[in-house]
1. In whole Å, what are the extents of segment 138-200 along the principal axes defined by its C-alpha atoms, from largest to smallest?
2. Considering Cα pairs under 8 angstrom that are at least six residues apart, work out the relative contact order of segment 2-244 and quote it in whole percent.
3. Taking the full set of protein chains and a 1.4 angstrom probe, give the accessible area of SER19 in square angstrom, rounded to the nearest 10.
4. Compute the projected area of the convex hull of the Cα atoms of segment 127-248, averaged over all viewing directions, and report it in nm² to one decimal place.
5. Compute the acute angle (0 to 90°) between the alpha-carbon long axis of helix 128-137 and the principal axis of greatest extent of the alpha-carbon atoms of the chain; round to the nearest 10°.
6. For GLN246, put the label point 7 Å out on the Cα→Cβ axis and report which residues of segment 115-142 keep their amide N under 12 Å from it.
7. Counting only helical runs of four or more DSSP H residues, what would the 222 nm mean residue ellipticity of the chain come to if each run contributes -39,500 (n - 2.57) and the total is spread over all its residues?
8. Using alpha carbons only, how many angstrom separate the centre of segment 13-44 from the centre of segment 166-217?
Amino acid sequence: MVVTGGSGDLGARVVRVLSGRGHDAVAASRRTGVDLSTGEGLDAALAGADAVVHAASSPTRPQTVDVAGAARIGASLRHLGSPAHVVSISIVGCDRVPYPYYRAKVDSETALERSGVPTTIVRATQFHPLAALLGSALRLGSTSFSLGDMRSQPVDIDWVAERLADHATGTAPSGFVRAPELAGPTAYGAREISALVAAHDGRTPPRVVRIPPVGEVMRGFSQGRNLPGPGAETGGRSFEDWLAAQPRPLPRRMHSPP
Ligand SMILES: NC(=O)c1ccc[n+]([C@@H]2O[C@H](COP(=O)([O-])OP(=O)(O)OC[C@H]3O[C@@H](n4cnc5c(N)ncnc54)[C@H](OP(=O)(O)O)[C@@H]3O)[C@@H](O)[C@H]2O)c1
């Protein structure tokens, strides 16, 4: 099995889960000689794979890496005559919030659908570190800012990795399918996330000032278009349980190495 972005936060976890279950899981990214923005090393990496988990991404170059990369994965598998099942991670609400990175996630899904290879799209909500960052980074002294009425239902990245591995090792679909969205057990407002992070850090909860949503992107988040739909699968650690396992104070970074 091949995991694109297998050196990233999510991909490294997928490699670890698959290996722990006894599968031969290989990470593919630039540091292993595979560049999705050019296709370099891709055919060699995908040859013989029975499944590909696509978790590579570049928020700064999403059209080149996420979108063109997805198209290249599909083309490479067709070129190789491979029946491999592609399991691709995407984001809940990416089709409802016109944020450029989210648009690229939609385009990436479409690229795989057009390629005709067996594909399962798995959309997940924000991972806990990103929710924590949003709840603590928008802070000035003892005041924190809420972008409109933004809410999120953050999810445990380890559980998402397990579910991706389940799809990759399960029965492959004959065409393009969407798995149920993945989300954590609870939705929180910005005020709740800020208060939880402050309590974790040993600070008094900040005063939260609401910034009125301006533009479609902010309105999209403020209206909860990033929240999962009714058919979503919920699971994994709650935000509180994840937070309790983090260093104090919470480091101001988005990445959470496995
Ligand atoms: N973070 C969230 O809250 C969240 C929520 C839902 C879904 N997701 C999705 O989850 C996926 C993984 O996110 P993450 O946080 O694990 O990302 P990440 O830690 O930033 O990892 C990105 C991976 O992509 C690889 N990569 C970047 N450019 C590449 C290129 N040109 N060719 C090949 N590989 C390349 C990187 O490896 P090299 O540097 O070695 O190339 C790295 O392994 C993304 O698709 C993201 O949209 C994230």
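1. 53, 24, 18
2. Averaging sequence separation for qualifying contacts and normalising by length gives 20 percent for segment 2-244.
3. 60 Å²
4. Average projection, Cα convex hull of segment 127-248: 8.8 nm².
5. 40 degrees
6. 127-138
7. Helix-only estimate at 222 nm: -11000 deg cm²/dmol.
8. Distance between centres, Cα-based: 27 Å.
The values are calculated or read from the model by the stated rules, or taken from the named source; none is laboratory data. Note that the structure is a prediction, hence the values are computed from the model and not measured. With ideal geometry, Cβ positions are generated from the backbone for all residues, glycine too; neighbour counts draw on all protein chains shown. Side chains included, ligands, DNA and RNA excluded: accessible areas come from the protein's heavy atoms. Shrake-Rupley method; radii C 1.70, N 1.55, O 1.52, S 1.80 Å.
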